[in-house]
Amino acid sequence: MLNAYLFVFVASFISLFIMRKIAKRIGLVDQPNARKLHHGAIPLVGGISIFSTLVVTFLIFMPMSNNLTIYLGCSAVLIIVGVLDDYYDVSFKVRLFVQAGISLAMMLLGKHSLHNLGF
């Protein structure tokens, strides 16, 4: 199990540096404006980098199951919507609709539900 943790750390670290260069090349960066205080173009690839690392790690270190497939598929849709939102500024209504659909898919296809919030 320690090998998996070490792999995730090293792979995500390397992936982040590779993705930063790709993001700058394709224009997937956050530009400063009146609302944002940072200086220079900031690459928007943290989520993509972590997701790609987790997919590779799951495929190498975990046995495939129906729940894992549903989780990875739903996560991929969320990552794609996030990238499109960063690039094209997608409406919040579209994002909310997709996120609600993903939640329903996780509950219905994965047969998971929350019955009690506790105290």
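Every number here is computed from the coordinates shown, using simple stated rules; none is lab data. It should be emphasised that the depicted structure is a prediction, and the values quoted were computed from it without experimental measurement. Here the Cβ positions follow ideal geometry from the backbone for every residue, glycine too, while neighbour counts run over all protein chains shown.
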Row for the chain, column shape: gyration tensor on C-alpha, a ≥ b ≥ c, rounded if a/c < 1.5 i.e. under 1.5, prolate if a/b over b/c, else oblate; value oblate
Here the longest stretch of the chain that holds no trypsin sites (Lys or Arg not before Pro) in a DSSP loop having at most 14 other beta carbon atoms within 10 Å is 37-110
The relative contact order of the chain, taking Cα pairs under 8 Å that sit 6 or more residues apart, comes to a percentage of 22 percent
If amide H atoms are modeled at 1.01 Å from N in the peptide plane, then the residues at a separation of 5 or more from Asp30, or on another chain, having amide H under 5 Å from its own are Ile42, Leu44
When the charge dipole of the chain is computed with +1 at the Cβ of Lys and Arg and -1 at the Cβ of Asp and Glu, the Cα pointing farthest to the positive end, of Val29, Gly73, Ile102, is that of Val29
A student asked for the Cα radius of gyration and Dmax of region 66-119 in angstrom ought to give 13.2, 42
With only helices counted (DSSP H, runs n ≥ 4, each -39500 (n - 2.57)), the per-residue ellipticity at 222 nm for the chain, to the nearest 500, works out to -24000 deg cm²/dmol
At R0 = 41 Å the Cβ-Cβ FRET efficiency linking Ser75 and Phe119, nearest 0.05, sits at 0.85
Between the modelled labels at Asp85 and Ile102 (7 Å from Cα along Cα→Cβ) the distance in nm is 0.8 nm
